[in-house]
Amino acid sequence: MSNATSHQPGMNGVGRQRAMLRPRYAQIVGWGTALPERIVTNDDLARLVDTSDDWIRSRTGIQERRMATSPKESTATLAIQAAREALRVADVPASSLDVVICATTSPEYLCPSTACLVQNALGAPRAGAFDLNAACSGFVYGLSVARSLVLSGDADYVLVVGAETLTRFLDWTDRNTCILFGDGAGAVLVAASHEPGGILSCVLGSDGSGSDLLMVPAGGSAHPPTMETVANRMHMLRMDGKAVFRFAVQAMADGTRDAVAKAGLSLAEVDLVIPHQANVRIIQSSVVKQLKIPEQKVFVNLERYGNTSAASIPIALCEAIEAGRVRPGQNLVLAGFGAGLTWAATAIHWCAPVERTPAPWWKDAQREAGYQLASARSTWRRLARRAYADVMGPADAPTVRGRLRTAIDAGRSAWQTHKPSSRR
Ligand code: COA
């Protein structure tokens, strides 16, 4: 467990109340990514649509992207992999999680949430879980929610994941969109801490008048799936690139400026900006030209991944840490924009140590065993639920099966009333 965290298992009520009176801060203490294996280059795309490596590089900065081509790779599997890595870096067990937030525009299903699948695969029995759709701004929206949960005392550990497989919603005949996006996931663990710093401020914005500029028209209640919606490619992403570009430049500059001011910092005090990785020209026009933040202070990795939507900022954050660009004591800004239209930015005073000491082998083995156990427990619960539905008769029915069900339901409700609470 991170030594920055206030979470102390076994602390009694008085001790916990005292701890709650001390100021709380929301620190990022773990981070991880997951990327599909398949690399798709600009030349690969030039074989599909009328484009070229030169055009894509010069207009966007993208050289290649990852694509989830294996049936085993999906938004949930990538999210789970990134989440496990974040917990491993933080050295926090999944059982400590209070909330799992998954920011995604390409969820595993319309219902249930991808976050619930992550919660189940991690084996986090105490955690609430929900998806958050703010498109490419979703991860920063998630950080804002996590910070609020932690500062209010409602949660000690919140896992925030940004995960996408947007390539499954692309029109591979539309050169305006199919060249831009890639798949991947990034996750961070936000923990309660008494050490001043962490997520200092968050700015969230939206302008629904631009909802038509970037959208997947069908699949929701406005246009449920029909033969016609499929034939008209209405389940695929559509975009007015020029309008989004103009909005993005302003939104990223304004968001960054506002988050920095709200944190009580000046732009000169910012050590590193990690912008949403959509187009290098957007980053240059907004953060570099408008805000005059030197290029060396801006992290860019979109040449390798393209726009991974809600996953782009956490993936870039992890790579910046790995590259030695993030150090304790630094001020960071994460800034994004996306469909909605939405925008979001956060200023962070980084506190967590970034050097990785390799964990002893038994820790990894223990962690892996925990995940196997979570999987077995999940299967068992599913089977038990099915068996219960198959075997039991209606409650209070004057049959053996009915009486059995009444007795089991009564026992279960008594257990729920008297069991020691697993929550605070
Ligand atoms: N390959 C080759 N030519 C292309 C092309 C491609 N992939 N896509 C468009 N073109 C063509 C256009 O048809 C147009 O041709 P024309 O002048 O004969 O009509 C020309 O290139 C210029 O197109 P334009 O749309 O003006 O290009 P652009 O400089 O605006 O770049 C985007 C297009 C999409 C790269 C750019 O607008 C952009 O990045 N927008 C923001 C998109 C974004 O970030 N979306 C996600 C938000 S989270």
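Each value in this text was obtained by applying a stated rule to the coordinates, not by laboratory testing. Predicted model, so just to flag it, every value in this text is computed and none were measured. Counting neighbours? That spans all protein chains shown, and the Cβs are built from the backbone with ideal geometry, glycine included.
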(request) Treating the angle as unsigned and between 0 and 90°, give the value, to the nearest 10°, between the Cα long axis of helix 241-262 and the longest Cα principal axis of the chain. (result) 70 degrees
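Which number gives the lysine pairs in region 13-349 that have C-alpha atoms under 29 Å apart and are eight or more places apart or on different chains?
7
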(message) From the phi angles alone, apply the Karplus equation (6.51, -1.76, 1.60; θ = phi - 60°) to region 355-365 and give each ³J(HN,Hα) in whole Hz, x where the residue is Gly or Pro.
(response) 6, 9, 8, x, 6, x, 4, 5, 5, 5, 5
(request) Using a Förster distance of 25 angstrom, determine the FRET efficiency expected from the C-beta separation of Lys242 and Thr69, and round it to 0.05. (result) 0.25
(request) Given the options Gly264, Gly186, Gly306, state which has the largest fluctuation in a GNM of the chain using a 10 Å cut-off (strictly under) for Cα springs. (result) Gly264
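What FRET efficiency comes out for Ser206 versus Met392 if R0 is 51 angstrom and r is the Cβ-Cβ distance? Round to the nearest 0.05. If you can, show how the numbers build up before the last one.
Numbers: r = 47 Å, r/R0 = 0.93.
Given R0 = 51 Å and the Cβ-Cβ separation, E is 0.60.
So, R0 is 35 Å and r is the distance between the beta-carbons of Ala407 and Ser375; what FRET efficiency does that work out to, to 0.05? Walk me through the intermediate numbers first.
Values: r = 31 Å, r/R0 = 0.87.
For R0 = 35 Å, the calculated efficiency reads 0.70.
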(request) Name all residues of region 166-208 having a backbone nitrogen under 18 Å from the label point set 7 Å from the Cα of Ser52 along its Cα→Cβ direction, giving them as ranges. (result) 175-176, 179
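Taking only C-alpha pairs under 8 Å that are 6+ residues apart, what is the relative contact order of the chain in percent? If you can, show how the numbers build up before the last one.
Details: 913 pairs, mean separation 86.5, N = 424.
Relative contact order, the chain: 20 percent.
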(message) Once each part is reduced to its C-alpha centroid, what is the distance from region 72-106 to region 280-298 in angstrom?
(response) 31 Å
(request) Rounded to the nearest 10 degrees, what's the angle between the helix 400-418 long axis and the longest principal axis of the chain, both from Cα atoms, 0 to 90? (result) 70 degrees
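Are there trypsin sites (Lys or Arg not before Pro) in region 49-90 that DSSP marks as loop and that have at most 13 other Cβ atoms within 10 Å, and which are they? Let's see the in-between values first.
Numbers: sites: Arg57, Arg59, Arg65, Arg66, Lys72, Arg84, Arg88; in loops: Lys72.
Here the sparse-neighbourhood loop sites are Lys72.
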(request) Return the calculated 222 nm mean residue ellipticity for the chain, to the nearest 500 deg cm²/dmol, obtained by summing -39500 (n - 2.57) across DSSP H runs with n ≥ 4 and dividing by the residue count. (result) -11500 deg cm²/dmol
(request) Please identify, among Leu97, Leu332, Leu237, the residue showing maximal mean-square fluctuation in a Gaussian network model of the chain using a 10 angstrom Cα cutoff. (result) Leu237
(request) Round to the nearest 10 and give me the degree value, 0 to 90, for the angle of helix 312-322's Cα axis relative to the longest principal axis of the chain. (result) 90 degrees
(request) Could you line up Thr177, Thr346 from fewest to most neighbouring Cβ atoms inside 10 Å? (result) Thr177, Thr346
(request) Among Gly162, Ser148, Pro23, flag the residue with its Cα farthest along the positive direction of the charge dipole of the chain, charges on Cβ as +1 for Lys/Arg and -1 for Asp/Glu. (result) Pro23
(message) Using a 7 Å offset from the Cα along the Cα-to-Cβ direction at both Phe169 and Thr41, what is the distance between the two label points in nm, to one decimal?
(response) 3.0 nm
(request) Express in whole angstrom the spacing between the alpha-carbon centres of region 148-217 and region 308-350. (result) 10 Å
(request) With springs only between Cα atoms under 10 Å apart, run a GNM on the chain and tell me which of Met239, Met67, Met392 wobbles the most. (result) Met392
